[in-house]
Each structure stands twice: as C-alpha cells, then as structure tokens.
1. Quick test of your reading of the structure: Glu454 fulfils all but one of (1) closer than 30 Å to Ile477 by Cβ; (2) modelled with pLDDT under 80. Name the failing condition by number.
2. Identify all residues within the range 88-106 that are surrounded by fewer than 19 Cβ atoms within 10 Å (Cβ to Cβ) and on the phi < 0 side of the Ramachandran plot; write none if there are none.
3. Does Phe125 satisfy being aromatic (Phe, Trp, Tyr), open to solvent by less than 20 Å² (accessible area, probe 1.4 Å) and touching a strand residue (DSSP E or B) at 6+ places or on another chain (Cβ under 7 Å)?
4. What number of residues within the range 153-196 are of a type in the set (S, T, N, Q), touching a residue at least 24 places away in the same chain (Cβ under 8 Å) and in a loop (DSSP other than H, G, I, E, B)?
5. Which one is farthest from Trp21 (Cα to Cα) among residues in the range 46-74 that are modelled with pLDDT of 90 or more and in contact with a helix residue (DSSP H, G or I) (Cβ under 8 Å, 6 or more places away or on another chain)?
6. Going by what's in this entry, would Asn389 be described as closer than 28 Å to Leu214 by Cβ, exposed (fewer than 14 other Cβ atoms within 10 Å of the Cβ) and modelled with pLDDT under 70?
7. Kindly indicate the residue of the range 529-549 that is open to solvent by 40 Å² or more (accessible area, probe 1.4 Å) and within 23 Å of Lys337 (Cα to Cα) and also modelled with the highest pLDDT among those meeting that condition.
8. Looking at the range 54-67, I want the residues that are in a loop (DSSP other than H, G, I, E, B) and have a partner that is surrounded by 14 or more Cβ atoms within 10 Å (Cβ to Cβ) with Cβ atoms under 8 Å, at least 6 apart or on another chain. Which pairs are those?
Amino acid sequence: MARTSKFQENDTAFVRPQNEWRAGLYIRLSREDGDKIESESISSQRAILEGFLKDRPEIIYHDSYIDDGWSGTDFDRPAFQRMLADITSKKINSVIVKDLSRFGRNYVEAGKYLETVFPLFNVRFIAVNDQIDSISNPASANSIIVPFKNIINDEYCRDISMKVRSALDIRRRQGKFIGSFAPYGYQKDERDHNKLVIDREAAQTVREIFEKFLNGYGILSIARLLNEKGVPNPSVYKAEKGLKNFTKGRLWADSTVRRILTNEIYIGNMVQKKKEVVSHKIHVAKAVAPQNRIIAQNTHEPIIAKEDFERVRSLLKRDTRTSPNQSKLSVFAGFLKCADCGRAMTKRTVVQPYKRYDYYCCSTYKKLHSKACTKHAVRAEAIESAVLNALNEYIRIAVDFDRVTEEVKKSQKGTDALKRLRAELAQAEHEEERANKLLLDLYPDFKEGIISREQYFALKEKYASLAERSKDAAEQIRARIKEREAGGETENEFIATFKKYRGFKELTRDIVCELIENIYIREDGEIELCLKCKNELSYAEQFLREAELNGGRGEVRIADPASLGTAKSMIDRCVSAVDNELN
C-alpha cells in the first residue's frame with residue numbers, strides 16, 4: 001500500500017459537482033458615472049441575465065443582488081457585501097453579471113476578486129456580454145483582455161468624475177446652490193431649488209445669535225441661552241420640518257454657534273466646495289482650504305449686515321473667554337493688551353468687606369511673575385473713564401472735521417482734488433514698490449552674512465508691514481478717485497463712524513468693537529488707544545492741513561475761517577495720539 005503524506009488533509013469544502021452551480025445575479029446601476037440610459041437600467045440587466053439562465057439548465061438561480069445608485073469605484077456596496085457573505089457561507093458558488101463594468105470600475109479591486117477571491121472559493125464568474133466564463137471557457141477569464149477592459153472601465157469612471165466635478169464647479173461659480181439641504185436660516189426656493197430664500201423662523205434665531213455675540217455674550221453662553229429657551233437646534237429644526245436624515249433630541253453646542261457666526265452665507269455670499277472627496281476611488285471627504293473654496297458674491301438676500309459680520313469675524317480672533325459663572329464678556333474683553341509684551345490683560349476682582357472692584361494685570365506676569373514682564377495693574381473704572389473721554393474727544397474732532405471739510409469741498413475745484421488724490425496714489429504706490437524691493441534684497445544679504453538672522457526676521461516683518469499698509473492706502477485712494485470721477489465721493493470713514501455716536505454717555509461693548517482696534521496699558525498706568533480707522537483719521541488731518549496751507553496762499557476760499565481754526569486747534573491737541581497710532 002502506497003504511503004501518503006501525514007500533512008495532507010482531505011478538505012472537500014470547495015469541491016463542487018460540475019452540474020451544481022447555484023447562481024447569484026449581480027446588478028448595479030450608478031447615478032454618478034452616467035449609467036442612466038435604458039440599456040443599463042436595472043430591468044434591462046435583469047432581463048439579460050434571466051435570458052442567459054434559460055439556456056443553462058446546469059445553473060440554478062438562487063438570488064439577485066442589486067446595488068441601485070452605487071458607484072463601481074469601490075466594492076463597499078450593500079448588495080455586493082451580502083453576495084460575498086452568501087459566497088463564504090456556501091449558499092452560492094456562481095456570480096453572473098451583464099458585463100465587467102457592472103461588476104466594478106476599480107481596476108485594482110476588480111482584479112483582486114476575479115484573480116484571487118473567486119478562485120479561492122471556487123466561484124464561477126460569468127460576464128454575459130463580454131463572453132467571459134471561468135469554468136466553461138477558462139481562457140476567457142485568464143485572457144489579457146480582462147484586465148485591459150477593467151483599466152478602460154476605471155479610466156471611464158475617472159473621466160466622468162472629472163467632468164461631473166467641473167460641471168458642479170461651474171454651477172457653484174454661477175452662484176447656484178447645489179447642496180442637498182439649505183443652510184440653517186434659509187430654505188430652497190420652491191420654483192428654483194438652486195436658489196435660497198430666507199426661512200423667517202430660523203433667520204430670527206440667526207439674528208439673535210449675532211446680536212448676543214456683539215453685545216458681549218460668549219459662544220458657550222449663547223448656546224446655553226438657546227437651550228434654556230427651548231429653541232430647536234438646526235438638526236432638530238430640519239427634522240421637525242420633515243427633512244430626512246436629521247435626528248431629534250439634540251441640543252445647541254458651541255461648535256454650532258461658532259459655525260453660524262463664521263458662515264458668509266448670512267451676508268448673501270454663497271460659499272461652496274468646503275469639502276471634496278479625495279478621488280473617484282476614495283470616497284472620503286476632506287476639508288478644502290479657505291482660499292480654494294468657491295465664493296459667489298450677493299447671490300441671495302442677506303440675514304446679517306456685512307458690517308456686523310466683519311465685526312464678529314474680528315472679535316472671534318480675540319481672546320474672549322469667560323469664566324464658567326459669567327455669561328457676558330466685559331466691555332474690554334479681547335481689546336486690552338500689555339504695551340510691553342503684547343499679551344492680553346487679565347481681569348481680576350478684589351472683594352473687601354466694604355467694597356468690591358475690578359482691575360487688570362498683564363497675563364504674562366500672572367503666569368510667569370516678574371521673570372518675563374511686570375504687573376501693569378490698572379483699575380477697570382480708570383480704563384473705562386479714560387476711553388470714554390478719549391472717544392468723546394475724537395467724536396468732537398470728527399464733527400468739526402465734517403463741518404470744515406464740507407466748506408473746503410464747496411470751494412475746491414474737482415480737478416484740484418483729483419490732482420491731489422493722484423499725487424497721493426503715486427506716493428503710496430512708490431512706497432509699496434520700495435518696500436517690496438527691500439524685501440527681495442533682504443534674503444541675499446542674509447545668505448551672504450551681511451545681516452544676522454535676528455536682523456533678517458525683524459526687517460522682513462517691518463518691510464512686509466510697510467508694504468501691506470502702502471497697498472491698503474493705495475486701494476483706498478483708488479476708490480476715492482473712482483468716486484470723484486463718477487461725480488461724488490464717499491464720506492471719510494473716520495468722520496462717518498464717529499459722528500453717529502455723538503452724545504453717547506455710556507461705554508458699551510458695541511461701541512468698543514466698532515471704534516477700537518486695541519487698548520495698550522503701560523507700566524506707569526498710561527493708556528494708549530489705537531483706533532480702527534486710524535488711516536482715515538490721518539487722511540482727514542492731511543486734508544485740513546492742506547486746506548489751511550492752500551487757504552493761506554489764496555487758492556481756497558473758506559466761508560468760515562474760524563471753523564478751520566477750531567478744527568486746527570483740536571487737531572494739534574491730538575497730533576501726538578495720531579502719530580502714535582500711525583507709527
């Protein structure tokens with residue numbers, strides 16, 4: 001008797017009689033790759049496969065596996081996975097498809113199943129229209145034509161994906177909304193689903209969120225207030241409106257409030273393509289960098305004024321945290337900085353038997369003590385009084401500026417004003433060009449050892465800042481020239497902004513947010529105020545100084561010279577403050 005190896009096992013798991021083929025019919029239709037014509041429909045594929053079985057009595061029909069609306073670029077499809085489960089549990093041992101493209105359009109994955117998985121489980125694979133049968137005609141399954149066709153199917157899907165992406169980007173640039181669900185605060189227009197209209201109920205909540213934030217409430221505090229009032233969050237609200245894929249019972253979160261506060265959709269701008277899939281094969285969405293997103297301006301009715309949105313955006317960049325027991329921010333939260341180290345000032349409260357008061361100190365000193373910075377302590381009421389008086393002084397200056405500039409404009413000739421503006425533009429452009437040239441020359445000097453590393457970075461920051469300021473100034477002058485040439489000129493921002501707060505007696509966070517850039521506290525208690533519209537203040541000052549000089553030469557006639565003198569004296573009183581701001 002011949003010896004047999006003791007390591008040989010008689011495993012009959014994959015041994016099948018040749019006339020016992022239990023077949024699963026696999027049918028797939030994708031809405032993404034353009035397979036919408038009648039020849040590729042579900043019913044058409046089913047008819048072809050059932051017709052094929054009529055002439056094959058050795059193949060017994062077991063079940064149909066249909067993936068309707070699923071891409072062929074990956075194999076994580078529900079019906080396909082169910083078919084694999086039936087293969088491993090030996091319910092079926094044959095897979096029949098209309099052609100290779102219905103099986104899948106991923107060259108690598110399709111090859112893995114056809115060349116490895118199916119042979120391992122002794123599964124018979126049949127592609128009817130491609131005339132492939134791994135049992136009755138093994139050469140057809142092993143032919144080089146099979147991987148070649150899979151490559152063609154893969155390339156076809158890649159080409160379709162690029163065309164679809166391009167078409168969607170075109171519609172985004174046209175300002176058409178292509179999302180599945182409208183953002184909170186809006187709803188799709190019933191006559192045009194690519195257009196957004198305001199949802200009055202949700203829009204009121206959006207306005208309340210912006211109003212609360214501008215009035216000093218923190219993001220987490222706003223979320224708590226909304227939850228206490230029982231306002232449904234965006235997901236719950238949409239579920240209540242009957243939209244699918246949204247759940248109920250969830251609360252407002254700080255991340256939801258922040259997302260609303262930073263979404264340009266609420267000022268009428270359509271911001272789309274915030275996420276995109278990695279590729280046509282990898283269906284995982286990744287975030288798109290802000291500069292690569294597609295933004296269409298003024299595509300729908302805004303809910304929030306653009307000025308308020310910009311103020312919110314500016315405030316979000318500041319350190320405006322609140323303590324757990326504090327719902328509203330202090331008037332100066334995020335605006336007070338140490339004049340020496342540049343770090344934020346920290347608010348402290350002193351509670352004594354007969355009095356209670358707040359003061360601010362440098363956060364660097366608080367954390368590192370005297371090793372890095374000094375205390376810079378100052379009472380909160382002292383800051384509030386100083387800022388209130390300073391702003392009122394600027395308001396008085398703005399009112400006088402307004403009165404005198406109107407007199408000057410009446411007496412100035414339009415050509416003279418344009419000539420002056422063009423001269424200012426030339427100077428600003430020259431400064432920008434000079435700063436950029438200095439920036440370009442810095443690196444060679446650093447590489448040759450002419451300047452040190454510390455000098456390089458310090459000068460780079462200085463020249464970059466100068467170039468940016470010159471560029472901004474040139475843009476503003478161009479806008480003024482354009483207004484002049486069109487027959488009018490917009491009011492100076494410094495004058496317009498400060499005039500509307502004429503007569504205010506109480507300092508509020510809303511006023512601080514609109515007028516002040518930063519407040520610097522020095523060690524000796526001196527308070528330095530930095531305005532947001534410092535460039536416009538400089539232009540107003542320059543305008544009146546030039547008017548005074550021209551008036552002295554008799555080129556300009558001013559109806560009330562005393563007005564100019566009053567404004568001049570006020571200008572002189574704040575020259576040092578202006579110089580500090582500009583430098």
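1. (1)
2. The answer is Thr88, Ser89, Lys91, Asp99.
3. Considered against the rule, which asks whether it is aromatic (Phe, Trp, Tyr), open to solvent by less than 20 Å² (accessible area, probe 1.4 Å) and touching a strand residue (DSSP E or B) at 6+ places or on another chain (Cβ under 7 Å), Phe125 comes out as yes.
4. 1
5. Checked the range 46-74; the qualifying residue farthest from Trp21 (Cα to Cα) is Asp67.
6. When the stated conditions are applied, Asn389 does not pass them.
7. Step by step, filter the range 529-549, then rank; the result is Lys532.
8. Glu58/Trp21
The values are calculated or read from the model by the stated rules, or taken from the named source; none is laboratory data. Predicted model only: the values in this text are computed from it and were never measured. So basically every Cβ, Gly included, is an ideal-geometry build from the backbone, and we count neighbours across all protein chains shown. These area figures cover heavy atoms from the full protein model, side chains too; ligands, DNA and RNA do not enter into them. Shrake-Rupley method; radii C 1.70, N 1.55, O 1.52, S 1.80 Å.
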